Amino acid sequence: MGQKQQPTADPISEPKKRRRVGFSNIDVGIEANQCILIYLVSSKEEVGASHSFRISPVDLNGFFDEDGKIYGYNGLKITIWVSSVSFHAFADIKFQSTSDGGKGITDLKSSLQRIFADTLVDNKDDFLQTFSTESHFVRSIISDGEILQHKTSNGHVDSNSHLGTATSDVEVVRMVIGNTAAGHLYSRLVPLVLLLIDGSNPIDVDDPGWELYVLIQKKSDEHGDTQHKLLGFTAVYRFYHYPDSTRLRLSQILVLPPYQHKGYGGHLVEVLSNVAILEDVYDLTVEEPLDYFQHVRTSIDIKRLLLFAPIQDAVNSTVSYLKQGKLSKKTHVPCFNPPVSAVEDVRKTLKINRKQFLQCWEVLIYLGLDPVDKYMEDFVAIISSRVKADVLGKDSGSSGKQVVEVPSDYNPEMSFVMFRSQDSEAARVWMDENQTNQEEQLQQLVDERVKEIKLIAQKVHHV
């Protein structure tokens, strides 16, 4: 029978056991864009339904701390429903567990309130009730507004605003933001402004200089009750122009995602252009237009300019000169800017400002070249000349925006006029100091501009 071995008495001969040190998992966080889904719903039946319309925000990360991450949650999933009836919102927050991994635990409610503020409803049942209790929210808000345009629509507005079969009504209503009702409506829309308009900030709802142009669709339901659906809006500021006029500046424009790419944004721009003409303002400008909006805006203005007789001689003269010969072979190519008289006629009559007209002018020249392929090399040469003049041919030290304080009865401490000198009308582009890189950058700008001109011309031709 074997005997159990006894342990040695020498403690030195027994190896020491290593102490195991445990490290807790470091919380790397999760980006808000990866765990939040947002849906725009028009009825309580759509809440949680698979066919609900999902919207794609510009960037959610910016609302969550400095690095745009959420910390302290395992298996986090946030689903947010936004009502297109009352513009209230409800957030369904689900997670497996919480733990502080060194970065704390993100306060989700306060973070979401940075976006949704008072529109965020805590209880889901209360949110669902808003579809009935506030079913006439839009109708009651706009009841005191001014109806600017009333048209019939089949759900799709074409580029000429000649709307089809009358299955519903579309109208644009103007409201002054200083009015309590208009300010209340805009406050409900702020979350969508923040989520869907890149780089936007809420406007001051106490400033009477702001006007809200709301695009409304009226449609009868199965009970014969007329429902007012908000399709989109634009916020416009009306400010003084010396000595006795006003200017309109379009600051924000948004068509709700389910109704985009149907011509409604263009319709709002057309209505606003008509307002500028009828009220004889100095001009209509746009604050930092995004590329897609600029494309729509220019397409609309081109159609108006093609019918504007006072500039046709100037366009034809420029086109004829361009057709005469090989400008691309010359050492110096002129920019072919429109005559000052044409610029002023367009501003006075169509309210298109100088900077926008210069954009349109190049498209008008392109449309006048027939066949365009024969003269394309020379056309690109004048675009290149203009781009180089804008980017390299100005004295950057003497240009730029200038701010001048002016007296105001509204708010003396915050009253000023910002203007840009004539030498800085064109957009500024930072260029590499290396000559080769400069040329490549300039050529890229030229190629992009020519491509944009071609796309606008195609859109106008298809009308």
* Provide the per residue accessible area, probe 1.4 Å, for the stretch 159-289, rounded to a whole number of square angstrom. => 42 Å²
* Carbon and sulfur together cover what percent of the accessible area of the stretch 200-354 at a 1.4 Å probe radius? -> 51 percent
* Structure fact -> HN-Hα couplings for the stretch 49-66 via Karplus (6.51, -1.76, 1.60; θ = phi - 60°), in whole Hz with x for Gly/Pro, come out as 7, 5, 8, 4, 7, 8, 9, 10, x, 4, 6, 7, 4, x, 8, 10, 6, 6
* Residues of the stretch 20-94: accessible area per residue at 1.4 Å, in Å²? -> 54 Å²
* Asked: When the chain is fully extended, how far beyond the present Cα-Cα distance does Ser43 get from Asp207, taking 0.36 nm per residue of separation?
  -> 55.7 nm
* Structure fact -> Expected vector for the stretch 272-278, Karplus 3J(HN,Hα) from phi with 6.51, -1.76, 1.60 and θ = phi - 60°, integer Hz, x for Gly and Pro, equals 5, 5, 5, 4, 4, 6, 5
* Contact order normalised by residue count of the stretch 221-284, Cα under 8 Å, 6+ apart, percent -> 32 percent
* Starting from the amide H of Thr246, placed 1.01 Å from N in the peptide plane, find each other amide H under 5 Å away whose residue is 5 or more places distant or on another chain. => His241, Tyr282
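The values are calculated or read from the model by the stated rules, or taken from the named source; none is laboratory data. Computed from a predicted structure; not experimentally measured. Side chains are part of the model used for accessible areas, which takes the heavy atoms of the whole protein and leaves out ligands, DNA and RNA. Shrake-Rupley method; radii C 1.70, N 1.55, O 1.52, S 1.80 Å.
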